[in-house]
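The values are calculated or read from the model by the stated rules, or taken from the named source; none is laboratory data. The model shown is predicted, which means the values in this text are computed figures rather than measured ones. Glycine gets a Cβ as well: all are built from the backbone with ideal geometry, and neighbour counts include every protein chain shown. Ligands, DNA and RNA are excluded from the accessible area calculation, which covers all protein heavy atoms including side chains. Shrake-Rupley method; radii C 1.70, N 1.55, O 1.52, S 1.80 Å.
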Amino acid sequence: MAQIELNEIAHSYIANPKGPADYALKRIHHIWEDGGAYALLGPSGCGKTTLLNIISGLLTPSEGRVLYDGWEVTGLPPEKRNIAQVFQFPVLYDTMTVYDNLAFPLRNRKIAENEVDSRVLEVADILDLTPDLKKKAAGLTADAKQKISLGRGLVRSDVAAILFDEPLTVIDPHLKWHLRRKLKEIHDQLQLTLIYVTHDQVEAMTFADKVMVMFEGEIVQVGTPEELFENPNHTFVGYFIGSPGMNFLPCTLVGNVARVGGTSIILDDEVAALGRKAKGALELGIRPMYLEVHGRAVNGGIPVRIKAVEDQGTFKILTLTLEGQVVRARLPEDKAVPDDMAWVRFPPERTKLFADGRLVKRAG
Amino acid sequence: MGLVLRNVDKTVGGETHLKAINLNFEPGSRNVLLGRTLAGKTSLLRIMAGLDRPSRGSVLIDGRDVTGVSVRKRSVAMVYQQFINYPSLTIYKNIASPLKVSGMNNAEIDRRVRETAKMLHIDDLLDRLPAELSGGQQQRTAIARALVKDAQLLLLDEPLVNLDYKLREELRTELQDIFQRREAIVVYTTTEPAEALMLGGNIVVIDEGRILQTGPTPDVYHNPATLKVAEVFSDPPINYLDGRVNDRYAFLGRDIKIPLSGHLRRLAPGDYTFGIRSNHLFLFRLNAEDAEITAEVELSEINGSETFIHINHYDTFLVVQDVGIHPRKIGSRISVFMNPASLFVYDSSGTLIASPSPGSLAAGR
């Protein structure tokens, strides 16, 4: 396993890129630590597949270098990089047995048969495939086949990293969590460098210790799932992580008060002080679950109109209008919903400020 | 318009797809068909639309038998899971296509196309081709085409299933508004409990081609008549604990002892299955009467703004829904708490015996 370094990588599919808009990847400068479980999360078109192909060697970046444990591999093809990949659809030999499928990458490298045997048995055990070893791959379910694909990556002791590209797409929803659990277990057990590419926030956040959120060719934030949820660095992260996404309201600052139209919202002193120094258009941000909703006027409460109530069973989502703008709030299942007016409070410790889309925060 | 299905069966190559379907859809009603994949939802929609003929039974519209009448002669519009549009036609022409065949004049077609496109926020894409649009925009086009002709029966077959979750969120809310402004019978199929609840109206819970329960959507959610309905109508899946009741206590799982009070008071001694939804299991004690369940963490799944913690209580697998993003380490021991007032009770045949009374659930979240 290896540390993977992306040094000042940028990529354009156009021969002579003129401006930032011509780049599929703007500037990626990042290190994947040896043994980490990472996810690369973003909507389609954000550049994550381009980045994955640069890591695996299918694509040479137009700028920058790729280093594995300090060794430059920028121009090397995938087969020279010791990378294992698991794709959306299982890649295996249907007519071979499970055992032979798992043994294939080793036999291909002329590994001694007794070592092949011990590796295959070990990997089959980890993946709960031992009872299926003698079966033909063709007859197995999609999730078993995907486990074999994964096993073909794990069986090699020399792989630098395993890359996953939307590996659970073809798996039935109720089986997905078993495979997610299996992947996490394998990571804990073997301490492999795993990079998981997906547009699905459930998969990214469940799988990874560190999630990188990509947006328009940039990594806008790297953090634990909890950090991304609690302290999104960018309005895109606030929107993309969490359901519904964070509320954003354009505002101006007067002292430690955010003005949204004619409404005043008191901010945390430090946030306000930083906000007064920040450049760019200001927006206030709050998660729907942190917005307090009251059925009657309360101290500091802002009157809002209730536009819609969505009962999702285990909780309710309220759509409110504040100064003509839509704000969502999340209420527990058993909390009564006021009729058509409510009063909301923005707890200062949960209320963030963004300038030109970036979180206003202390430097460093 | 009213739509009635009477004793409808559908068999294909000896395999039963639908069995003994009796349903009555009132004019202007909102209806959800909830069921897992392959439960028979699409088969049922196709029979309603007139795309397929039932093997047995009849379909009545306003009291008139239309069983053999083709879809072309019915006032019906349908939206499919896949984004189906004419690839060589512009978005404008795609939306206009159902009106063209009806012989409507061009000025009226133009007015309707623009109005419908505006409603679905694709009015600035009318000159494009479907392939130039994102998945969400393509499905908006398909929905616009279904809405433009004001059909009396509007059928939507899991229309959001192929969209990513942010687009789903958006369109789900918009569809609510759109349906409210329609006089058609709307029938919407889904596998997702949350989607069913948001649409409200009436629900038909279907499994293996049979109707399990019907009624106003929230009522069915709060009183799932059988274990199967509770399973289909809970996401994450409802938790089950086997238990035995004696004169004064219920014993659940390995070591959970609950005094019989509230809706459990009149339970006769015997064996039961107790159900509890994952959002009624807590990581902290809320009430003195809460029962404690000790377990080991299997996985923390993060979904939107929730963490679903899969736990193992002596080989009984449960899911706890925690608000916010708080993953727990695999293999760690935890205690979870439940209020006995939030338990559903099923007898050995899987029939609902007692359900939590509304308002009895612990507040505090």
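Each residue of region B:42-58 is assigned a 3J(HN,Hα), and the resulting list reads 5, 4, 5, 4, 5, 6, 4, 6, x, 6, 10, 9, x, 6, 8, x, 9 Hz, derived from the Karplus form 6.51 cos²θ - 1.76 cosθ + 1.60 (θ = phi - 60°), x at Gly and Pro. Measuring nothing but how far apart in sequence close Cα pairs (under 8 Å, 6+ apart) lie, relative to its length, region A:20-133 scores a relative contact order of 13 percent. Protein heavy-atom surface of the protein assembly as shown, 1.4 angstrom probe: 49% of the accessible area is carbon and sulfur, with nucleic acids and ligands not counted. A:K26 sits with roughly 70 Å² accessible to a 1.4 Å probe, with DNA, RNA and ligands left out of the calculation. Please report the antiparallel percentage of the DSSP beta bridges confined to region B:54-201, to the nearest 5. Expressed as a percentage, antiparallel bridges in region B:54-201 total about 20.
Rounded if a/c is under 1.5, else prolate if a/b is larger than b/c, else oblate: which is the protein assembly as shown, with a ≥ b ≥ c the root eigenvalues of its Cα gyration tensor?
Rounded.
Counting only protein chain heavy atoms and rolling a 1.4 Å probe, the accessible areas of A:K210, A:K136 rank, largest first, as A:K136, A:K210. Separation of region A:167-246 from region B:149-194 is 28 Å, based on Cα centroids. Springs join every pair of Cα atoms under 10 Å in this Gaussian network model of chain B, and among B:V204, B:V319, B:V161 the largest mean-square fluctuation is at B:V161. By a 1.4 Å probe calculation restricted to protein chains, B:H222 has an accessible surface near 80 Å², given to the nearest 10.
Placing B:E132, B:E174 in order of accessible area, with the largest value first and a 1.4 Å probe, yields B:E132, B:E174.
Our estimate of slack between A:N82 and A:T169, defined as 0.36 nm per intervening residue step minus the Cα-Cα distance, is 28.8 nm. Normalised by the residues of chain B, what does the relative contact order come to in percent, with Cα pairs under 8 Å and at least six apart? It comes to 15 percent, rounded to a whole number. In chain A, helices alone account for a calculated mean residue ellipticity at 222 nm of -7500 deg cm²/dmol, with every DSSP H run of four or more residues adding -39,500 (n - 2.57). Average accessible surface for the protein assembly as shown: 44 Å² per residue, computed with a 1.4 Å probe over protein heavy atoms with every protein chain in place. Amide H contacts of B:R328: B:S300, each under 5 Å away and 5 or more positions distant or on a separate chain (H built 1.01 Å from N in the peptide plane; Pro and chain starts excluded).
Straight-line cross-link reach from A:K110 at under 26 Å between alpha-carbon atoms covers these lysines, not counting any fewer than eight positions away in the same chain: A:K80, A:K134, A:K135, A:K136, A:K145, A:K147.
In the context of the full protein assembly, B:D164 retains an accessible surface of approximately 40 Å², using a probe radius of 1.4 Å and ignoring ligands and nucleic acids.
When chain A is treated as a GNM with alpha-carbon contacts under 10 Å, the residue of A:E270, A:E230, A:E122 showing the greatest mean-square fluctuation is A:E270.
Within region A:328-364, the residues that become at least 30 Å² less accessible when every protein chain is included than when their own chain is isolated (1.4 Å probe; DNA, RNA and ligands ignored) are A:R330, A:P332, A:E333, A:D334. Contact-buried residues of region A:253-302, at a threshold of 20 Å² lost accessible area versus the chain by itself: A:M289 (1.4 Å probe; DNA, RNA and ligands ignored).
Residues whose amide H falls under 5 Å from that of A:Y196, counting only those 5 or more places apart or on a different chain, are A:Y38, A:A39, A:L40, A:F164, with hydrogens built in the peptide plane. Comparing B:A354, B:A194, B:A288 in a Gaussian network model of chain B where C-alpha atoms under 10 Å apart are linked, the largest mean-square fluctuation is found at B:A288. Interface between chains A and B: roughly 3200 Å² of accessible area buried, both sides summed (probe 1.4 Å, protein heavy atoms only).
Write out the trypsin sites (Lys or Arg not before Pro) in region B:1-98 meeting two conditions: DSSP loop, and at most 11 other Cβ atoms within 10 Å of their Cβ. Each step should come with its number before you reach the end.
Working: sites: B:R6, B:K10, B:K19, B:R30, B:R36, B:K41, B:R46, B:R56, B:R64, B:R72, B:K73, B:R74, B:K93; in loops: B:R36, B:R74.
When the trypsin sites (Lys or Arg not before Pro) of region B:1-98 are filtered for loop state and at most 11 Cβ neighbours within 10 Å, nothing remains.
For chain A, what does the relative contact order come out to in percent, with C-alpha contacts under 8 Å and a separation of six or more?
This gives 16 percent for chain A.
3J(HN,Hα) along region B:132-140: 7, 9, 6, x, x, 5, 5, 6, 4 Hz, from the Karplus curve 6.51 cos²θ - 1.76 cosθ + 1.60 with θ = phi - 60°, whole Hz, x for Gly and Pro. Can you pull out the chymotrypsin sites (Phe, Trp or Tyr not before Pro) in region B:252-291 whose DSSP state is coil and whose Cβ has at most 13 other Cβ atoms within 10 Å? Counting only loop positions with at most 13 other Cβ atoms within 10 Å, the chymotrypsin sites (Phe, Trp or Tyr not before Pro) in region B:252-291 are B:F284.
Residues whose amide H comes within less than 5 Å of that of A:E292, counting only those at least five positions distant or on another chain, are A:R345 (H built at 1.01 Å from N in the peptide plane). When only DSSP loop residues count, what GluC sites (Glu not before Pro) in region A:1-65 have their Cβ near at most 14 other Cβ atoms within 10 Å? For GluC sites (Glu not before Pro) across region A:1-65 that sit outside H, G, I, E and B with at most 14 neighbouring Cβ atoms in 10 Å, the list reads A:E33. For the pair region A:22-41 / region B:49-75, the C-alpha centres are spaced 56 Å from each other. Overall, the anisotropy analysis places region B:92-202 in the oblate class: the square-rooted eigenvalues a ≥ b ≥ c of its C-alpha gyration tensor yield a/c not less than 1.5, with a/b not exceeding b/c.
Counting only aspartates and glutamates at least 8 places from B:K10 when in the same chain, those with an alpha carbon closer than 13 Å to its own are B:D52, B:E208. Rounded, prolate or oblate: which fits region A:33-185, taking a ≥ b ≥ c as square roots of the Cα gyration tensor eigenvalues, rounded meaning a/c under 1.5, else prolate when a/b beats b/c? Oblate, since a/c reaches 1.5 and b/c is not below a/b. Computed 3J(HN,Hα) for region B:172-180, one whole-Hz value per residue from the Karplus formula 6.51 cos²θ - 1.76 cosθ + 1.60 where θ = phi - 60°, is 4, 5, 5, 4, 3, 4, 5, 4, 4, glycine and proline marked x.
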